[in-house]
1. Would you please name the residue that is surrounded by the fewest Cβ atoms within 10 Å (Cβ to Cβ), looking only at residues in the stretch B:186-197 that are out of contact with any Leu (no Cβ under 9 Å at 6 or more places or on another chain) and in contact (Cβ under 8 Å) with a residue 60 or more places away in the chain?
2. Just to be sure I understand, how many residues within the stretch B:202-216 are closer than 15 Å to residue B:166 by Cβ and open to solvent by 40 Å² or more (accessible area, probe 1.4 Å)?
3. Out of the residues in the stretch B:283-332 that are at pLDDT below 85 and part of a helix (DSSP H, G or I), state the one that is least open to solvent (accessible area, probe 1.4 Å).
4. Can you tell me which residue in the stretch A:58-81 is nearest to the chain's Cα centre (by Cα), limited to those that are open to solvent by less than 80 Å² (accessible area, probe 1.4 Å) and of a type in the set (Phe, Trp, Tyr)?
5. Quick one: is residue B:416 modelled with pLDDT of 85 or more, surrounded by fewer than 22 Cβ atoms within 10 Å (Cβ to Cβ) and among the hydrophobic types (A, V, I, L, M, F, W, C)?
6. Please verify whether residue B:83 is open to solvent by less than 70 Å² (accessible area, probe 1.4 Å), modelled with pLDDT of 90 or more and either in contact with a Pro (Cβ under 7 Å, 6 or more places away or on another chain) or on the phi < 0 side of the Ramachandran plot (or both), treating the condition exactly as stated.
7. So how many residues does the stretch A:1-54 have that are within 14 Å of chain B (Cβ to nearest Cβ) and touching a Lys or Arg at 6+ places or on another chain (Cβ under 9 Å)?
8. So in the stretch B:82-109, with the set limited to residues that are of a type in the set (A, V, I, L, M) and within 7 Å of chain A (Cβ to nearest Cβ), which one is nearest to the chain's Cα centre (by Cα)?
Amino acid sequence: MQSEARRIQAALAQLAAEGVDAGRIADTAVSTWREVDAALSPIIGQHGVAALFRRSLYLTRADFPALATVHDGELQPGEFAALRSALSQQTSADAAIANGALLQVFYDLLASMIGGSLTERLLRSVGNNLSSGHAVQVTSP
Amino acid sequence: MKTGKAVINRLRSGVQGLDEVLGGGLPEFSFNLIAGPPGSGKTTLGHQIMFALATPKRPALYFTVLGEPPLKMLRYQQQFDFFDLDKLNSSVRFINLAEETASGDLDKVLGRIGAEVEACGPGLVFVDSFRSVILAGESEGTSFVSLQRFIQQLGMLMTSWQATTFLIGEYVIESDPNPIFTVADGLIWMRQSAQGNSVVRKMEIMKMRGQATLPGLHTFRISTAGIDVFAPPQLAVLAETGPTLPAGARLRMGVTGLDEMMGGGLPRGFSLLVAGPSGSGKSILASAFLAEGARSGENGVIAAFEQRPNRSRGQALADLIDSGRVGVVDTRAPALSVDEIAMLLITEIRRLKASRVVIDSLSGFELALAPTFRDDFRESLSRLVSALASTGATVLMTSELEDRYNDLRFSPYGTAFLTDAIIVQRYIEVDSRLQRVMAVVKVRASAHSNDLRLFHIDEEGIRIDAVLADYEGLLGGRPTRRQRLSDSLMRADDA
């Protein structure tokens with residue numbers, strides 16, 4: 001099901017626990033979102049992904065005011081700069097939690113439309129290099 | 001140098017009945033159009049064909065172009081049994097062309113399709129829908145590529161790429177001589193025809209180069225399994241089903257005395273019409289026919305249109321159905337076509353290797369049909385009867401016959417000439433009682449009795465009684481006692 005989202009959430013929380021700064025958390029989050037965009041937009045179109053992303057922001061903004069500013073700002077398809085800037089202004093733990101919630105909502109939303117198995121299949125490759133690649137990167141100065 | 005004709009491989013479409021209608025399957029590398037109004041099942045047909053044919057060696061690309069949002073398409077199409085998640089991204093890839101189409105530049109759309117085709121090397125390409133491509137081009141008021149050029153270039157690209165291609169598009173005006181039609185190798189037209197409150201889905205192969213398609217409108221149904229096309233019943237190779245009985249063998253009817261009336265039973269492979277008014281015992285005769293078959297190890301199939309399943313159907317027949325000796329064809333679907341019933345019957349005959357078939361009754365059958373098919377009832381019925389006969393099965397059909405005593409008829413459809421044998425049942429009034437009589441009217445190429453026999457129905461079924469002697473005018477419904485010769489002579493003397 002949406003264990004994929006949880007895996008990514010856990011990897012980000014791990015980074016935060018290791019004391020990585022919020023900027024790094026935001027970079028990692030955005031690169032994950034780019035992977036999501038790359039996996040989905042050939043199939044449902046960039047605008048389709050953008051619409052899902054915006055709806056996810058809408059659903060999470062009440063719990064995470066930082067995300068409200070991203071929602072209210074101008075969103076370009078395939079562009080996640082606003083999210084990066086919002087996350088980097090949080091503590092790294094909060095940034096990890098907020099992005100984790102956003103990702104979870106996005107996955108759930110997609111799964112509610114096309115089913116869990118198809119969602120899992122389409123997004124299988126997303127975040128695969130998170131635990132290894134990025135973690136190694138951040139430990140080096 | 002190699003000589004000889006080009007070999008056209010025909011691909012099995014994975015849609016039941018479609019290959020028959022197409023004349024042997026989808027020609028490989030053909031360029032096809034699936035057209036029809038919204039909701040006629042075009043995308044479903046495209047998906048079903050794609051999932052049936054796509055393999056890792058012959059991958060499929062499905063381009064979605066505006067029209068229906070791809071998320072919606074995936075949401076609904078995955079409900080069908082044929083939607084195989086395991087094929088996704090290995091054998092089947094969906095590609096969205098919304099960005100290119102939105103630009104209104106058809107060259108861009110073509111360019112992207114070309115690039116994706118080169119990157120993926122598909123054996124199957126679907127573009128859904130071409131109408132959106134065209135509309136996008138028009139709305140911009142551009143003249144980058146005319147519709148015809150777009151289609152032609154796409155056709156050329158796909159043929160030289162050796163990809164079997166399907167353009168899917170809503171298209172409502174059938175009479176519009178669209179240039180696409182000249183480019184396409186195949187044209188599958190889908191529609192929904194409404195008459196009264198009944199809607200029937202129909203498909204027509206307007207064109208399929210290089211092969212003989214079955215002309216005409218073919219009904220189809222969409223269920224969770226996908227699309228089922230009901231091709232007109234084909235004449236099966238004789239006697240491919242059923243236990244091998246010697247030619248000229250006769251089947252026992254299961255009613256004592258009736259076999260003798262028919263000159264020794266019903267010749268195998270014959271079709272028999274049992275006509276009579278309501279309640280005269282036609283269904284009971286039909287059950288006896290099936291039960292007699294079961295007794296001698298023959299299976300049967302029944303399509304019952306009159307009675308509700310498992311209600312008021314005789315216990316004997318219900319037992320036969322439970323034991324699996326008699327298969328039941330489901331006749332409850334709305335808006336049936338004769339071809340659909342024929343397909344269901346023939347499938348069931350093959351499954352059970354059945355040699356006895358009952359249709360009870362033709363009157364109920366006609367009522368169950370969608371109104372649009374009632375006009376052709378006789379023609380379709382004739383096709384059905386010959387298709388059933390060609391399976392080698394022996395067919396018994398019942399027909400409601402209104403008792404009209406001034407008009408001797410055996411069936412309301414002129415079906416009498418379709419059948420090889422006819423039994424007629426009637427009510428008559430004798431001594432203020434309603435009695436039943438039965439007669440064998442016809443057994444083709446066979447001697448048979450011409451007696452009008454009284455019969456009654458008891459716990460055991462139909463019991464044939466004596467000839468009603470000394471009466472005449474039985475078919476008039478009110479027989480009179482025949483005057484004896486001596487009586488009339490005496491009267492003549494008096495005068």
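1. So the first thing to find is which residues in the stretch B:186-197 are out of contact with any Leu (no Cβ under 9 Å at 6 or more places or on another chain), and the list is B:192, B:194-197.
Checking the rest, the ones that are also in contact (Cβ under 8 Å) with a residue 60 or more places away in the chain come to B:192, B:195-196.
Numbers: B:192: 14, B:195: 14, B:196: 8.
Filtering first and then ranking leaves B:196.
2. Taking the stretch B:202-216 and keeping what is closer than 15 Å to residue B:166 by Cβ, we get B:203, B:205-209.
Narrowing further to those that are open to solvent by 40 Å² or more (accessible area, probe 1.4 Å): B:206-207, B:209.
Number satisfying all stated conditions: 3.
3. B:316
4. Restricting to residues being open to solvent by less than 80 Å² (accessible area, probe 1.4 Å) and of a type in the set (Phe, Trp, Tyr), the top hit is A:80.
5. Numbers: modelled with pLDDT of 85 or more: no; surrounded by fewer than 22 Cβ atoms within 10 Å (Cβ to Cβ): yes; among the hydrophobic types (A, V, I, L, M, F, W, C): yes.
So residue B:416 fails the test.
6. On the way: open to solvent by less than 70 Å² (accessible area, probe 1.4 Å): yes; modelled with pLDDT of 90 or more: yes; either in contact with a Pro (Cβ under 7 Å, 6 or more places away or on another chain) or on the phi < 0 side of the Ramachandran plot (or both): yes.
So residue B:83 passes the test.
7. Going through the stretch A:1-54 one residue at a time, the tally reaches 3.
8. Let us first name the residues in the stretch B:82-109 that are of a type in the set (A, V, I, L, M), namely B:85, B:88, B:92, B:95, B:97-98, B:102, B:106, B:109.
If we keep only those that are within 7 Å of chain A (Cβ to nearest Cβ) too, we end up with B:85, B:88, B:95, B:98.
Working: B:85: 31, B:88: 34, B:95: 37, B:98: 40 Å.
Checking each candidate, the answer is B:85.
The values are calculated or read from the model by the stated rules, or taken from the named source; none is laboratory data. Only a predicted model underlies this, so the values are computations on that prediction, with no experimental measurement involved. Quick reminder, even Gly has a Cβ in these numbers, built from the backbone with ideal geometry, and neighbours come from all protein chains shown. When the accessible area is computed, the model is the full protein with side chains, heavy atoms only, and any ligands, DNA or RNA have been set aside. Shrake-Rupley method; radii C 1.70, N 1.55, O 1.52, S 1.80 Å.
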